[in-house]
Each structure stands twice: as C-alpha cells, then as structure tokens.
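The values are calculated or read from the model by the stated rules, or taken from the named source; none is laboratory data. None of these values were measured; they are calculated from a predicted model. Positions of Cβ are generated from backbone atoms using ideal geometry, with glycine treated the same way; all protein chains shown enter the neighbour counts. These area figures cover heavy atoms from the full protein model, side chains too; ligands, DNA and RNA do not enter into them. Shrake-Rupley method; radii C 1.70, N 1.55, O 1.52, S 1.80 Å.
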Amino acid sequence: MITSTLSFAMHILVGSYKVLAPLGQLLELVLPYRTMAKAVAGKINFNTKHLKRGDPLPPYNGKLRVYNMRLCPFAQRTILALNAKNIDYEVVNINLADKPEWLTSKSAFGKVPSLEIKEGVCIYESLITVEYLDEVYPQRQLLPKDPLRKAFDKIIVEASAPIVTLFLKSVKAPDTITEDNISAFSKTLKYIQDQLIDRGTPYLGGDEPGYVDYMIWPWFERLLVFKEDNPNLKIDSEKFKILTAYLDKMKKDPAVFPYLVPDKVMLAFHESFKSGPNPNYDVLD
C-alpha cells in the first residue's frame, strides 16, 4: 500500500514537472526584464545637447522619441516608464529657457515631455504619456488592471502635490514658504508611508515598482539631494523609517538608477536658477 502510494505521488510530481517546465521556461524569458531594462537604458544617451532657438529639428529616424529636459522631474516620469518597460527610444533634449521655434509642432503647449510615436504624431503631458505607453506596450504593466486599485494609485500621485509645491518654492521662491506648506508636506510623507504599511509590499505598486512609484519618484530623488541644504525638505529617517527604506530601494531600481543625477550636479543646476533666467542645461555633458 505504501509502495503504491509513493509510486502514485512520484507519478503526480513527474507529470507536474512536465506541465510546469514550459511555464518555468516562459518565466525565465519574462522575469529578467529588470536586468534588460537597465541594459537598454544604458545604451541610450540621456545627456544630448539641449537644443535652443535656431537649432534645427533632428531628422526623424523612425524610433520612438522623447522631447525632454534632462533635469525636469515631469519629463523624468516618461523616461522611467520607458526604462521600466524595456522600450528602445531616443532623447531630444530641449533648452526650456530659449526654446527651439519648432517645439510647438511637437508639443502644443511648448512643454516637455512630448512623446513622438511616429513622425509628426506626438502626445504630451507626463501622466498621459505614461498611460499611453502602458496601454500600447503590454510588457510589464505599470498600472493595475483592477479599476479600484488603479484609482487608489492615482490618488497617491495626486496626493503628492504638497511635495511638489514645497520643493518648487524652496528652489524658486523660498520667501513664500508658509507653515501650511510645511505641514502639508509632512502630512503627505505620512500618508505615503501609511500606504506602504497598509499595502504590506516593498513598493506601492506591489513586489516591484509600478506607475505610482515611478510617478512620485522624481520629487523624492530631489528631496534626497536637497535635504542637507534645506531643512524644510528633510525627511526624518526615524519618523519615516519605512518610507526611507522604500526610497533606498527605489534609488537602486534598474529603471531609476541609470537616470540618476549626481548630487553636486543637481544642486548646481538648481542654484543657477537663482543667478539668472538661463540655467546651464548641459551640466551633464
């Protein structure tokens, strides 16, 4: 009886292996995307010259193209989505203080990011470009399929507005910072940390970063750089232990890491805003 039971169990195991082996081979093809994303991102020149008035429009070569500014946190969202999805693309950087005449033909509002999906066909605004990419390129979905979960992820992105406000004021108009700005900033940090706790996952998007993580990351990258120079932007590592650990993981993500800006460069670029209307956009050349 024991022998027959063992034989039956072995039969089940062998049969399961035959069924699951092809699945395992499929997973081996799908799971390495994070390494692949880093490899593809590593081949892309993020630091092309920022084109200005009088510079010609580069000929379109058929590749997906991002009209970008290397240190723009909004445009960074589109770059991160492209990296995360392992999509090949090219970057055309724009001098936003002295914009090329042709920019409005690529972005009606004269802003970045703009995503050229085929010659003369462009979509713009950061969140819109990312949602478009997630619909058209199905590999590694960034937005949840569940409508309720998707809604909550978008709420977190909207809720991050006080972080954006305080950062921009700190860089451009520190005299306008109010106690309400600082209080809203702290409440937002707590809200995001509470979301991480409630979800019980390493990232807001789950076991790996998703839409919500990549859409709020550009602001946190800047907070981590400016925290030593500006106490208003400091994240208390004791009070926000889980948030701090999350940010440490995000900084190492294969979609994020290749696009990081050295701290000294980030500080120098934003400092140049204070000295005149024409910051040095090509600080990474």
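Some points to look at:
- Restricting attention to the stretch 79-111 and to residues that are charged (D, E, K, R) and outside any helix (DSSP H, G or I), the residue that is least open to solvent (accessible area, probe 1.4 Å) turns out to be LYS85.
- Once the stretch 166-177 is narrowed to residues that are open to solvent by less than 60 Å² (accessible area, probe 1.4 Å) and β-branched (Val, Ile, Thr), the residue that is nearest to TRP217 (Cα to Cα) is VAL171.
- Hits in the stretch 219-233 - residues which are farther than 15 Å from LYS264 by Cβ and surrounded by 15 or more Cβ atoms within 10 Å (Cβ to Cβ): TRP219, PHE220, LEU223, ASN230, ASN232, LEU233
- Tally, over the stretch 97-143, of residues that are among the basic types (Lys, Arg) and under 26 Å from GLU158 (Cβ atoms): 2
- Scanning the stretch 112-126 for residues that are of a type outside the set (Gly, Ala, Ser), crowded, with 16+ Cβ neighbours inside 10 Å and either at pLDDT below 95 or out of contact with any helix residue (DSSP H, G or I) (no Cβ under 6 Å at 6 or more places or on another chain) (or both) gives GLU116, CYS122, TYR124, GLU125.
- A single member of PRO22, PRO59, PRO32 is surrounded by fewer than 16 Cβ atoms within 10 Å (Cβ to Cβ) and at pLDDT 95 or above, and it is PRO59.
- Pair list, Cβ < 9 Å and 6+ apart or interchain, from the stretch 78-91 residues that are among the aromatic types (Phe, Trp, Tyr) to residues that are in a loop (DSSP other than H, G, I, E, B): TYR89/ILE44; TYR89/LYS63; TYR89/LEU64
- Residue check, LEU143 assigned to a helix (DSSP H, G or I) and either touching a strand residue (DSSP E or B) at 6+ places or on another chain (Cβ under 6 Å) or open to solvent by less than 50 Å² (accessible area, probe 1.4 Å) (or both): no
- Filter result for the condition that a residue is free of Cβ contacts under 8 Å to residues at least 60 places away in the same chain, farther than 30 Å from ALA173 by Cβ and touching a helix residue (DSSP H, G or I) at 6+ places or on another chain (Cβ under 9 Å), over PRO209, PRO254, PRO258, PRO202: PRO202
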